[in-house]
1. Using a basic spin-label model with each label point 7 Å from the Cα along Cα→Cβ, how many nm lie between A:Ser282 and A:Lys267?
2. Using a Förster distance of 60 angstrom, determine the FRET efficiency expected from the C-beta separation of B:His2 and B:Leu38, and round it to 0.05.
3. Using +1 on the beta carbon of Lys and Arg, -1 on that of Asp and Glu, and nothing else charged, what's the dipole of the protein assembly as shown about the Cα centre, debye to 20?
4. Could you rank B:Trp211, B:Trp259 by how accessible they are, 1.4 Å probe, largest area first?
5. Once R0 is set to 45 Å, what does the formula 1/(1 + (r/R0)^6) return for the Cβ-Cβ distance between A:Ala232 and A:Ser190, expressed as a FRET efficiency to the nearest 0.05?
6. Which residues of the stretch A:92-112 end up with at least 10 Å² less accessible area in the presence of all protein chains than when their chain stands alone, using a 1.4 Å probe?
7. Just how far, in whole angstrom, is the stretch B:146-219 from the stretch A:61-77 if you go by their alpha carbon centroids?
8. Compute the separation of the alpha-carbon centres of the stretch B:48-105 and the stretch A:1-43 and state it in Å as a whole number.
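The values are calculated or read from the model by the stated rules, or taken from the named source; none is laboratory data. All values derive from a computational prediction rather than experimental measurement. Positions of Cβ are backbone-derived with ideal geometry, glycine not excepted, and every protein chain shown enters the neighbour counts. Accessible surface areas use protein heavy atoms only, side chains included; no ligands, DNA or RNA. Shrake-Rupley method; radii C 1.70, N 1.55, O 1.52, S 1.80 Å.
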Amino acid sequence: MTEIVKARNVSMKFKAVEALTDVSLGVAPGEQVALLGHNGAGKTTLFRLILGFIKPTAGSISIAGFMPGSDAARHVVSYLPEQVAFPKMLTGREVVRFYARLKGAAPEGVQAVLDKVELVEAADRRVDTYSKGMRQRLGLAQALVGNPRLLLLDEPTSGLDPLSRQHFYELIADVSRRGCAVLLSSHGLSELEAKTDRVAIMRKGRLVADGPLAELQHQADLPIRIRVRAAAGAVASVHAEIGGGRINCASVELYCAKGDKMRILSKISGLGAQVEDVDVASPTLDEVYRYFSNNGIEQIQRGEIQCTA
Amino acid sequence: MHGVITIAATEIRIGLRNRWIILSSLILLAFALILVLLGSAPGGEVKTDAVTVVVASLSTLSVYLVPLIALLLSYDAIAGEIDRGTLQLVLASPVSRGAVLVGKFLGHVAVLAIAVSFGYGIAGLVAFLANGGGEAVALIGVGRLIASSTILGATFIAIGYIASASVRQTGTAAALAIAIWLFAVVLYDLALLGGLLASQDGFFARTVFPWLLVFNPADAFRLYNMSAIDALAVGSNLGGAGSALPLSGLATMVSPVAWTAIALGLSTFILKRVRP
Ligand SMILES: Nc1ncnc2c1ncn2[C@@H]1O[C@H](COP(=O)(O)OP(=O)(O)O)[C@@H](O)[C@H]1O
Ligand SMILES: [Mg+2]
């Protein structure tokens, strides 16, 4: 597959700060890749390198075969920065038309993208009357106009409510179906709601994971949590039998590897009436993200629980 | 070229909706009308063309107000767009940085030309009509004032870009713009005056002073308008230096034009090094 954007062993140093170290990443046409990482992980720096605003201190980047920042490359990419405030005096339509003209896009495209982001009714109102969600959609409209082949979105959904976020991912899915490559950043996996094809996780400027979500879940091999609620007065004996930790005066919680799950569950069912309820939880997206972005599972620390039963 | 026109058109749109710009062109009009009314008051029998007198007073007004409006338009041009994140969007699209600056420049100069034409045009017309018409030649004086004020404004717009491209915060750029205005329009002249007083008839007064006067675009503008009008009829404190000036007449306007070119070149150079 020929990738639209291809970063090879890219490093970026700002004086003493090593913002990126040996990052290699590619996005193919029609593919959506989520770039995850805490604040300061280097996501925005990677975008600025791809746009050609800054030059890598090592490694190389190509955009559809062109140098980042070259005229040809700028015809290919569209960008939505983390924070952008459009001129308050202009209307939404004027803003989109401005960027459409700069990109040399067809004027009909303006109405089409306004329609797509559901801003047609507000299009002739000034931007200073827009809500936060509307401004974000205007930013997206500006990025979508002119049918770019590569869409770079820096934390596009932070601060949006779940419904707008869902709508946002529907829009992104739509453009990627038409063959646009999408690279978007986010600081949490749960925000993505598993909508992207691939997830790349950065930690302190290094790429620590890159693959489909299911693969990352497999790779992390996080333990499964089993929570057992004991019958009245039986919590101590249940605890003695299956181990783990007591989380309150009625429940015991333990973590086990995927392979051990059935063995432990049958042991629990062997306890009969001593057990009132069992709850089994697979690792959440956030736990998978934390595993990679913090390098390992956080230690589960809990104090001793005193029960007066 | 496409980008230049697009950016210029948008700057005109934003400028004409900017309430500070609207307010300052109204102030320009108000001052101009006051001068017209004072000028046409029955002061004496001197029937020098009333419009010409008004144009002379307005050119003094221009020296202070036009650079201020120009800097008001330009100080935010780069720093503000960096602040708001829109410069990244513009530079991510296929327009050159030179085109961005030229587009902004043309747009801002157009806004300034509109503001000056509005203020001085109305005032000039009122003066003309209030004096029962008169020679149409006087109206040419108004046109000359509007044109030269626009050139003076263009100079300070370009100088404002240097300030705006050199810093990353709007606030810093605003402070820098005020400092530029204060220096070029007020302090510079005070310093020259001090120098003149110190050496009444010395080397400074005869050789250095005239050059320093033309060097400052605001003073060059003043000299041009004073020489264009019959300076004697109006009486100017700087008129005495007229004979010793290195440049005279229209040639004095070389100073603001040269400043504009240099400032545009320098601000493009700085903008090319900005890493948004
Ligand atoms: N212009 C700069 N000068 C110095 N350090 C910078 C600059 N830009 C980014 N950094 C540093 O690079 C690191 C990565 O920043 P960034 O890419 O903005 O992270 P993210 O977008 O993932 O939050 C941070 O430690 C940040 O302080
Ligand atoms: Mg960032």
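1. Rounded to a tenth, the inter-label distance reads 2.3 nm.
2. My answer for the efficiency is 0.80.
3. 820
4. Largest accessible area first, the list is B:Trp211, B:Trp259.
5. About 0.80, to the nearest 0.05.
6. Those are A:Glu94, A:Arg97, A:Phe98, A:Tyr99, A:Arg101, A:Leu102, A:Lys103, which lose 10 Å² or more relative to the chain on its own.
7. One Cα centre to the other: 43 Å.
8. One Cα centre to the other: 39 Å.
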